[in-house]
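Here is the structure we will look at, set down as structure tokens.
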Amino acid sequence: EPLAARLMAERSQPEDLLELQHIHQKFVEAVEKQDAATIAKYDEKFHTSIVKASRNQLLIKINHQTCERIKAHLPAQPERLERHYAHAKILAALQAGDADAAEHYMHSHLELVAQDLISMTRDGNVSL
């Protein structure tokens, strides 16, 4: 996904950014309501939208397979606040067309997600 963020920053069309902005707003609303199912829905849409806007067919295919696997094994949970801020930073970098920042913020975000998945697996809350 960091590569997808870089490619989106370089290749996106205005409608891609508008769609991502809309998805992010729905994500923020779900976070504010602590609606775990809607958070999960718009979190996935946020990431998928970035990958789709990269226009890289291999990344799109990998993203689809990953999303299916995660949905099958990962329960919906209230979003951590730092993920909300991470999405905002990624979006701002994409809107600015800053490929380096978009890639960096996505990488940092995914490191937090990986840490959460490791903790959940260790605690027995999920099996991947």
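The values are calculated or read from the model by the stated rules, or taken from the named source; none is laboratory data. Note that the structure is predicted; figures quoted are calculated from it, not measured. All Cβ positions, glycine included, derive from the backbone under ideal geometry; neighbour counts span all protein chains shown. All accessible areas refer to the heavy atoms of the entire protein, side chains included, with ligands and DNA or RNA removed. Shrake-Rupley method; radii C 1.70, N 1.55, O 1.52, S 1.80 Å.
General remarks:
- Scanning region 1-28 for residues that are closer than 18 Å to Ser108 by Cα and out of contact with any Leu (no Cβ under 9 Å at 6 or more places or on another chain) gives a single hit, Arg6.
- Comparison of Ala9, Ala4, Ala30 shows that the only residue that is at pLDDT below 95 and either in a helix (DSSP H, G or I) or closer than 15 Å to His87 by Cα (or both) is Ala30.
Yes or no, residue by residue, for (1) in a helix (DSSP H, G or I); (2) modelled with pLDDT of 80 or more; (3) over 21 Å from Leu3 (Cβ atoms):
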| position | (1), (2), (3) |
| --- | --- |
| Arg83 | yes, no, no |
| Ala86 | yes, yes, no |
| Leu91 | yes, yes, no |
| Asp100 | yes, yes, no |
| His104 | yes, yes, no |
| His109 | yes, yes, no |
| Val113 | yes, yes, no |
| Asp116 | yes, no, yes |
| Asn125 | no, no, yes |
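- Condition check for Pro14: of a type outside the set (D, E, K, R), open to solvent by 80 Å² or more (accessible area, probe 1.4 Å) and out of contact with any Gly (no Cβ under 6 Å at 6 or more places or on another chain): yes
- Residues located in region 1-42, provided they are within 11 Å of the chain's Cα centre (by Cα) and free of Cβ contacts under 8 Å to residues at least 40 places away in the same chain: Ile23, Ala40, Lys41, Tyr42
- The lone exception for Met8 - which of (1) open to solvent by less than 20 Å² (accessible area, probe 1.4 Å); (2) in contact with a Gly (Cβ under 8 Å, 6 or more places away or on another chain) it fails: (2)
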